[in-house]
Structures are given as C-alpha cells and as structure tokens.
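Structure, as structure tokens:
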Amino acid sequence: MKNIVILISGGGSNMAAIVNTAQREHWSDKYGARVAAVISNKADTKGLVFAREHGIATEVLDHKAFASREDFDAALAEVIDRFDTPGHPVLVVLAGFMRILTPGFVAHYAGRLTNIHPSLLPAFTGLHTHQRALDAGCKFAGATVHLVTAELDHGPILDQAVVPVLPGDTADTLAARILTQEHLIYPRAVAQLLQK
C-alpha cells in the first residue's frame, strides 16, 4: 500500500479535499494508496479533528520544542518514515504547512514532496500573494501544485488553476475563490503522482 502523509498547520481544507477525494474515488482500490497520517506542528488545528473523525492517524510535533530547524525536521522525518512501506516510499503532501523546510529534509523526500501555493508560479512566490497580485494589476491569479525543491516555491509544476481577478476584488475575496480551485487541483495532482 502506498502511504500518503499530509502535513498541516491549520484548518486543513486542502487536506480534507484530498481525503474526501481519496475516499470518493477509492484510491485504495484504484492506486493501492491511502492517506495514512496527518501531522501538524500545532496541537489545536481543526484539521487534526477532521483527520481523526476519518480514522486517520494523527501526530503533533511542535516546532517550538526543538532547538533548531534542523532538529525539528529530523524529528519530523522520523515520524513520516514510520509510514514507509517496502517498495513504496511515502508521498509527503504539504497542505498549509507553514514551515520552511531544510535542504536536508527536502533532499530526503526528493520527487515525492508536494506543496500548493496560492499564485500562478513562478509569479508571487512567498507570502501575501493575493494582495501582491491585486497591487500588480493582474487580470488573472490562481494556484499551483508543485514538487518541493530547496528553492522556495520553485519546484517543477504539477498542476495549476487560473482564476479571473474581478472588479472590486479584495485579497480575501480573491483568496476564497482561489481556494475552491485548490481543492480541485491538489487531489488531482496527488492522484497523478500515485499513478507513476
């Protein structure tokens, strides 16, 4: 069985979209894959409640309890690697995981570490993407699923969704419209990776 481990820091709406799609589309039968665990660096996230309600193993690893970023990432990798199975290395999915990962961690999961970013990469890497798109006068915005590399928000693109910027849009209204598309493209990109 191919195990998917999802990392979150908050509400986990993209995680929930992946879990719901996996169940609805029977990924266990179709791809021999399942969402095996959800890990958060914050104990009080709604996403952990959702995961538990769906019978998914959960773990909390508070980054503040570690002396360095490297120490946290080493402990995180140790937890993730418990879900590796022979012949099927775990697929790690970042879904609102608000931590910049060390190069060593990224290298350990090279080719099987994904992220979703709320812009049409390579435009607007980093934070405050919706406001930056509005400030730049963009006619379109969107979201990108990509493989994670050592360079922030620069990995190979797996999928994108384009959303028009409407007159009167605020960062919040644009973010909400883009989020609905994130919930479609992230499960689709994960499913495509499972077929490889």
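Check the range 73-81 and report whether any residue there is of a type in the set (V, I, T) and surrounded by 17 or more Cβ atoms within 10 Å (Cβ to Cβ). Yes, the conditions are met somewhere in the range 73-81. Checking the structure you have, find out if any residue of the range 98-105 is more than 19 Å from the chain's Cα centre (by Cα) and not in a loop (DSSP other than H, G, I, E, B). Checked the range 98-105: no residue is more than 19 Å from the chain's Cα centre (by Cα) and not in a loop (DSSP other than H, G, I, E, B). Total residues in the range 142-178 satisfying the condition of being in a strand (DSSP E or B) and of a type in the set (A, V, I, L, M): the figure is 8.
Test D153 against the criterion of being on the phi > 0 side of the Ramachandran plot and of a type in the set (D, E, K, R), and give yes or no. If you could, list the steps in order and put the result at the bottom.
Working: on the phi > 0 side of the Ramachandran plot: yes; of a type in the set (D, E, K, R): yes.
Against the criterion (on the phi > 0 side of the Ramachandran plot and of a type in the set (D, E, K, R)), D153 qualifies.
For the range 71-92, filtering for residues that are part of a loop (DSSP other than H, G, I, E, B) and among the charged types (D, E, K, R) leaves 2.
Within the range 38-70, the set of residues being among the charged types (D, E, K, R), more than 18 Å from V148 (Cβ to Cβ) and part of a helix (DSSP H, G or I) comprises K46, R52, E53, K64.
A quick yes/no check of all residues on (1) surrounded by fewer than 16 Cβ atoms within 10 Å (Cβ to Cβ); (2) touching a helix residue (DSSP H, G or I) at 6+ places or on another chain (Cβ under 7 Å); (3) modelled with pLDDT of 95 or more; (4) among the acidic types (D, E):
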{"residue": "R34", "(1), (2), (3), (4)": "no, yes, yes, no"}
{"residue": "A37", "(1), (2), (3), (4)": "no, no, yes, no"}
{"residue": "K42", "(1), (2), (3), (4)": "no, no, yes, no"}
{"residue": "G47", "(1), (2), (3), (4)": "no, yes, yes, no"}
{"residue": "E53", "(1), (2), (3), (4)": "yes, no, yes, yes"}
{"residue": "D62", "(1), (2), (3), (4)": "yes, no, yes, yes"}
{"residue": "H88", "(1), (2), (3), (4)": "yes, no, no, no"}
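Scanning the range 145-169 for residues that are free of Cβ contacts under 8 Å to residues at least 40 places away in the same chain, more than 27 Å from P103 (Cα to Cα) and surrounded by fewer than 17 Cβ atoms within 10 Å (Cβ to Cβ) yields a total of 4.
Quick check on my filter: what residues within the range 1-30 are in a loop (DSSP other than H, G, I, E, B) and either under 30 Å from R177 (Cβ atoms) or out of contact with any strand residue (DSSP E or B) (no Cβ under 8 Å at 6 or more places or on another chain) (or both)?
Here is the first cut: in the range 1-30, the ones in a loop (DSSP other than H, G, I, E, B) are 1, 9-12, 25-26.
Across the range 1-30, the qualifying residues are S9, G10, G11, G12, E25, H26.
The values are calculated or read from the model by the stated rules, or taken from the named source; none is laboratory data. Only a predicted model underlies this, so the values are computations on that prediction, with no experimental measurement involved. Glycine gets a Cβ as well: all are built from the backbone with ideal geometry, and neighbour counts include every protein chain shown.
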